[in-house]
Each structure stands twice: as structure tokens, then as C-alpha cells.
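One structure is given below, encoded as C-alpha cells.
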Amino acid sequence: MMDRSCPGTVEPILEILDGKWMLLLLFELFNGNRRFGELRRKLQPISPKTLTDRLRLLEEKGIVTRTLYPGIPLHVEYDLTESGKALQPIFEAMWTWTQEHGSYLRNKTIEK
């Protein structure tokens, strides 16, 4: 049974995972550090502004680090912090749940 304080307790993570593109963005970062352009290509049709906003939020929350490499051309890489990497079991649980129940939900959507 879940603790009655659960909704308030999990609110911080829900704020992170709730935004459009966040799940896909984090999924990409689970595969290692990525440059901005790589993320943009993988997440098309995300706009550069939206991607920047999402990355800044993740950085503010301590989920992602941003490393600036000087030189020509200048480039930036994004990587998960230890807190960000600790989110991986949540994604694994969602994947497992989808394997067990996802086809039912897809069929319900098609029937509508």
C-alpha cells in the first residue's frame, strides 16, 4: 500500500518528467553524453528553444551537467549526473509495465 503522502512526496520528480519531450530527452541521455545537435536530430521535430529550455531545467534540477568545450567550433555536451542516472530504474519499470499492459492500452485506443 502506498503512503498517503505519496502525491506530495513524488511531486518533484513529476515536475521533471511531466514536460513534453522530457522522457525522450532523458532516454537519449541514458545512452551517454550527447551534443546539442545530436539531441536535436534524435528528438525531431523538437525546436531548439524547447530543447534548450528542457536542458536548462534538467541542469537546474541537478539531473544533467553541461560541459562547454572551448575551441573552434565551440561545442557543448550534456550528460546525466548521478541523480539523473538514478532515474533509470523508473524508466525500466515503465518499460516492464508497458510490456505487460501496453498492448491492452494500445487496443483500447484503437477501438475508440
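The values are calculated or read from the model by the stated rules, or taken from the named source; none is laboratory data. Computed from a predicted structure; not experimentally measured. Cβ atoms come from the backbone with ideal geometry, glycine included; neighbour counts cover every protein chain shown. Please note that ligands, DNA and RNA were not included when accessible areas were found on the heavy atoms of the full protein model with its side chains. Shrake-Rupley method; radii C 1.70, N 1.55, O 1.52, S 1.80 Å.
Sorting THR98, THR9 by accessible area puts them as THR9, THR98; the probe is 1.4 Å, largest comes first, and only protein heavy atoms count. Here the gap between TRP21 and LYS85, fully extended at 0.36 nm per residue and compared with their Cα-Cα distance, gives a gain of 21.3 nm.
Kirkwood's formula applied to the C-alpha pairs of the chain gives a hydrodynamic radius of 15.9 angstrom. Accessible surface ranking for LYS49, LYS85, 1.4 angstrom probe, highest first: LYS49, LYS85. Per-residue Karplus couplings for segment 38-43, computed as 6.51 cos²θ - 1.76 cosθ + 1.60 with θ equal to phi - 60°, are listed in order as 4, 4, 5, 5, 5, 9 Hz, Gly and Pro entered as x. What is the distance in Å between the Cα centres of segment 45-112 and segment 20-41? About 6 Å separates the Cα centre of segment 45-112 from the one of segment 20-41.
Carbon and sulfur together cover what percent of the accessible area of the chain at a 1.4 Å probe radius? Percent of accessible area from carbon and sulfur atoms in the chain: 56.
Note on the chain: GNM, Cα springs under 10 Å; of LEU51, LEU24, LEU68, the largest mean-square fluctuation is that of LEU68. Once you sort the root eigenvalues of the Cα gyration tensor of segment 40-86 as a ≥ b ≥ c, which label holds: rounded (a/c under 1.5), prolate (a/b larger than b/c) or oblate (the other case)? In terms of gyration-tensor shape, oblate. On the basis of the beta-carbon distance and an R0 of 35 Å, ARG66 and GLU100 show a calculated FRET efficiency of 0.45.
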